[in-house]
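Asker: Below is the structure I would like to discuss, written out as structure tokens.
Read-outs throughout are calculated quantities, based only on the coordinates presented, and are distinct from any laboratory measurement. Nothing here was measured: the structure is a model prediction, and the numbers come from that model. Here Cβ is always computed from backbone atoms with ideal geometry, including for glycine, and neighbour counts include all displayed protein chains.
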Amino acid sequence: MAQTQTFRRTCFLLAILILISISETGMASEFHVLAGESVQDAINGASPGDLILVESGEFNGSIYVNKENLTIKSASGNPDNTLISGENAGSYVFEIAASGVNISGFSITDGLCGIFLNKADNCTISDNKISNQGVGIYLLESGNNLLSNNMVYSNLDCGIKLLASPDNIIRGNYFNNTYNARDNKLNIWNDSTGNYWSDYNGTDENGDGIGDTAYAVNPEAGSMDYMPLIEYAPVPPVPPKARFTSDVTEGYAPLSVRFKDFSENATSRLWKFGDRNTSSSSSPLHTYFREGDYVVSLNVSNENDSDSASVTIRVLNASEKYVPILPEAEFISNTTEGRVPLIIKFVDVSKNADCVTWTFGDGKTSCCPEPEHTFCCPGNYTVSLTAGNENGTSTTCITIAVQKNESDINAKKGQGDPEGIDNTEKKDSLISAITRYSSGTSDEVLDDDNIIDAIENSESKSDSGDKETENTGFINREKLESIKDSVVSTVNSKIITETGLSLKNETLNVQKNIESFIDDSIPESSEKSLPEIKRIIAPWVPSFLGLAGVVFIVSLLKIGRRTRK
């Protein structure tokens with residue numbers, strides 16, 4: 001058990017060390033060395049992977065580099081205004097004892113050796129001027145390095161010496177020394193271009209600027225420059241240009257941001273997201289979980305230079321996020337079906353609404369919060385309510401089913417009868433049925449004598465010459481008003497209220513039909529024949545009978561409840 005715990009503890013510590021190592025590697029720092037300051041002090045204070053920029057000026061002293069992946073270069077990129085001289089004639093101006101080091105943009109003079117790579121691999125030495133040394137560039141047991149666009153001249157021993165150092169690439173350099181190159185291993189002296197050699201004696205018959213014969217560095221080892229330059233025209237270094245985009249620069253936590261690298265001439269990149277996280281992806285997606293301002297930087301580089309760009313991402317507190325309040329459309333109606341003319345009361349009960357618009361499905365609209373609408377024709381109508389406020393709209397709808405009026409149906413059945421339809425038999429049977437279960441007021445309500453005052457007129461002659469007495473009558477408006485009150489009283493009677501049910505909508509419908517009939521159809525008095533008066537009354541009778549039918553059903557329910565008890 002103890003061994004298991006020790007093993008777990010060891011794994012945990014190793015994981016922490018790995019994370020620390022990754023964190024340190026991903027968080028490269030940048031140092032600036034001003035004129036009069038020490039380059040060596042900057043190196044001593046740097047960590048692997050850091051960048052040291054040396055400002056224009058003259059610097060003296062030997063420089064020892066033993067930290068991997070350091071980049072040491074002139075801030076201007078111009079070797080003519082950034083000079084480093086050796087401490088004395090027997091010193092190395094630059095001694096590099098670590099891999100992955102880049103030295104660029106300096107004039108290096110007055111030492112035993114300008115740049116000495118001592119068992120260092122994968123380094124880049126570029127765009128320097130190295131002169132007045134014993135040896136300009138010296139590689140000892142160092143491989144896979146790149147030496148390009150350097151001017152190596154006026155060195156007493158040789159321009160470049162490689163001992164036990166294979167697989168290096170040397171191209172685009174200028175060599176003009178007592179002895180230009182020594183090499184005892186196989187190295188590559190040209191790729192896209194060769195080097196300029198002051199002692200090259202070949203010709204250029206086709207005038208392409210490249211010698212027709214190879215320059216022999218070490219023929220026995222196979223080290224040959226197969227593309228020697230006739231004239232030296234150093235290829236101007238192409239620096240990278242850092243460019244990137246982000247799909248958002250501000251938002252509420254947690255905020256996910258997509259970055260895309262559009263840099264030019266870059267061979268490597270490093271993102272820093274401002275929260276101790278990094279990435280080398282070309283299109284990273286990063287999420288910020290805490291509010292704050294984060295400076296995101298992209299550092300890009302190539303063998304010639306490096307560049308960076310940055311943007312600030314602002315992450316806001318999620319608790320302060322504004323959520324727009326949208327309306328919620330909702331309404332009620334006193335019914336959804338009936339016969340023409342069907343009058344329906346609609347009531348808006350929407351939430352968070354500043355305004356409403358009704359459409360009734362028959363081409364008519366309203367902005368009233370509680371409209372009353374009459375459907376005059378049979379059919380299905382979609383009634384919609386749209387509620388709105390400054391943040392948006394919401395819509396809800398229902399279907400209204402409007403059926404034909406019974407009087408219209410009966411009228412069609414009796415077409416051709418000049419006296420109209422006699423509903424007496426039908427009415428009597430309904431009265432008889434309803435009377436058995438209602439409050440006992442139905443006979444009184446529907447009796448013609450309650451609303452029609454009959455008058456026996458003077459005699460008249462018929463077509464046959466016989467005398468006939470014609471009965472006429474007029475509608476008693478007062479009695480019709482009392483019938484309406486009787487209808488409402490019936491609905492509110494004990495037989496209904498004891499059931500606990502509400503017939504408010506039905507009462508409203510019948511009451512409106514009666515009032516409409518009284519106001520629109522019946523004058524103060526009307527002397528007409530009895531059959532004609534019955535036809536006038538006929539449209540109203542179904543309204544009352546419909547309500548009486550409800551009373552009838554409720555009564556049955558009540559009787560059933562009493563039976564079960």
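Asker: Hey, what do the phi angles of region 353-369 turn into as Karplus ³J(HN,Hα) couplings, whole Hz, using 6.51/-1.76/1.60 and θ = phi - 60°, x for Gly and Pro?
Answerer: Computed from phi, the couplings for region 353-369 are 9, 9, 8, 9, 9, 9, 10, 9, x, 10, x, 9, 9, 7, 10, 6, x Hz.
Asker: Can you run phi through the Karplus equation (6.51, -1.76, 1.60; θ = phi - 60°) for region 168-178 and list ³J(HN,Hα) in whole Hz, with x for Gly and Pro?
Answerer: Once θ is set to phi - 60°, the couplings for region 168-178 become 9, 10, 10, 8, x, 9, 10, 10, 8, 9, 4 Hz.
Asker: Something else about it: Of the listed peptides 348-355, 304-311, 169-176, what is their order by residue-averaged count of other C-beta atoms within 10 Å, with the highest listed first?
Answerer: Per-residue Cβ counts within 10 Å, averaged per peptide and sorted highest first, yield 169-176, 304-311, 348-355.
Asker: Take the residue pairs Lys67/Lys241; Lys364/Lys404; Lys345/Lys404 and return only those whose Cα atoms are more than 22 Å apart.
Answerer: The pairs that break the limit, which is 22 Å between Cα atoms, are Lys67/Lys241.
Asker: Further, regarding this structure: Would any residue of region 226-267 have its amide N under 20 Å from a label point 7 Å out along Cα→Cβ of Thr287? List them or say none.
Answerer: Within reach of a label on Thr287, which here means backbone N under 20 Å from a point 7 Å along Cα→Cβ, region 226-267 contributes 246-260.
Asker: Let me check against my output: what whole-number percent is the relative contact order of region 244-320, with C-alpha pairs under 8 Å and at least 6 apart?
Answerer: 35 percent
Asker: Between Ile169 and Asn391, what is the FRET efficiency for a Förster distance of 51 Å, r being their Cβ-Cβ separation, to the nearest 0.05?
Answerer: 0.20
Asker: Going by how many other beta carbons lie within 10 Å of each one, how would you line up Glu370, Glu231, Glu55, fewest first?
Answerer: Glu231, Glu370, Glu55
Asker: Now a separate question. Counting only C-alpha contacts under 8 Å and six or more residues apart, can you give the relative contact order of region 217-287 as a whole percent?
Answerer: 26 percent
Asker: Which whole-angstrom value gives the distance between the alpha carbon centres of region 117-188 and region 193-229?
Answerer: Region 117-188 and region 193-229 have Cα centres spaced 17 Å from each other.
Asker: Could you please state, rounded to a whole Å, how far the C-alpha centre of region 254-325 is from the C-alpha centre of region 80-111?
Answerer: If you average the Cα positions of each part, the centres end up 36 Å apart.
Asker: Sequence-distant or interchain residues sharing an amide H contact under 5 Å with Thr335, placed H: which?
Answerer: Lys345
Asker: State the extension gain, in nm to one decimal, for the chain segment bounded by Glu264 and Ser154, taking 0.36 nm per residue of separation less the distance between their alpha-carbons.
Answerer: Contour length minus Cα-Cα distance gives 36.0 nm.
Asker: How much of the DSSP beta bridge set in region 331-403 is antiparallel, as a percent to the nearest 5?
Answerer: For region 331-403, the DSSP antiparallel bridge percentage is about 90.
Asker: Please compute the modelled spin-label separation between Asp199 and Arg243, points set 7 Å along Cα→Cβ, answer in nm with one decimal.
Answerer: Using points 7 Å along Cα→Cβ, the separation is 4.8 nm.
Asker: Tell me, what is the FRET efficiency for Ile188 and Ser310 to the nearest 0.05, using R0 = 25 angstrom and their Cβ-Cβ distance as r?
Answerer: 0.05
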